Each structure stands twice: as structure tokens, then as C-alpha cells.
Amino acid sequence: MYDVFNSEVKLRFYYWRGYDKKDNLSEEQKKVIAKQQERKAMKNIAKLLNSYGSTLENEHGENIINKLVLEQRLSLLPSPLL
């Protein structure tokens, strides 16, 4: 297993905005949908990292998300529009 906690690895996750270029939505609708998708992705990432953290010894697992955020090694970005 790779040691994410003690390494310098950067985790970059992309999420689907919830719409495509061809969708006929207002800018406000796009913002709402994209925010919902972002929150959903954040929950899934937190679940994934907490699951990984539970396999670590000591208290590292409980702090992994905070550590990655503070060290700017965790990012969540919208995928490009198609």
C-alpha cells in the first residue's frame, strides 16, 4: 500500500458538473447543478480518504484530509465541458 500521509503525492480529483455544453440551462441552473455535483464528489472523496485513513496506524488516519488540504495536496476540480 502506498503511504499517502508521509509522502509528497498530490491527489487531484475531477467531478462531472452535471451538464454538457449542449444542455439548454440558465447560468443559475448550471451553478446550482455544478455545486450539487461538487458536494457529492467531496462526500465520496472524504469517504474514500477516511476508509484509507482507517488502515493507518496512530492518529494519522483521522487527520489525513486536514493534512492534505493544509499542504495543498488535495484538489477537486470540475471536468472540462464536452
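Key figures
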quantity: Answer from SER75, SER7, SER79 - the residue that is polar (S, T, N, Q) and either without any contact (Cβ under 8 Å) to a residue 12 or more places away in the chain or exposed (fewer than 10 other Cβ atoms within 10 Å of the Cβ) (or both); calculated: SER7
quantity: Segment 13-35: number of residues that are out of contact with any helix residue (DSSP H, G or I) (no Cβ under 7 Å at 6 or more places or on another chain), surrounded by 10 or more Cβ atoms within 10 Å (Cβ to Cβ) and of a type in the set (Lys, Arg); calculated: 3
quantity: Number of positions in segment 30-52 that are free of Cβ contacts under 8 Å to residues at least 12 places away in the same chain and either charged (D, E, K, R) or farther than 24 Å from PRO80 by Cβ (or both); calculated: 6
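Per-residue answers, yes or no, for (1) over 18 Å from MET1 (Cβ atoms); (2) of a type in the set (A, V, I, L, M, F, W, C); (3) assigned to a loop (DSSP other than H, G, I, E, B); (4) out of contact with any strand residue (DSSP E or B) (no Cβ under 9 Å at 6 or more places or on another chain):
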| position | (1), (2), (3), (4) |
| --- | --- |
| ARG17 | yes, no, yes, no |
| ASP20 | yes, no, yes, yes |
| LYS30 | yes, no, no, yes |
| LYS35 | yes, no, no, yes |
| ASN50 | no, no, no, yes |
| GLU62 | no, no, no, yes |
| ASN66 | yes, no, no, yes |
| SER75 | yes, no, no, no |
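Values in this text are rule-based calculations from the coordinates and carry no lab data. Because the structure is predicted, anything quoted here is derived from the model rather than measured. All Cβ positions, glycine included, derive from the backbone under ideal geometry; neighbour counts span all protein chains shown.
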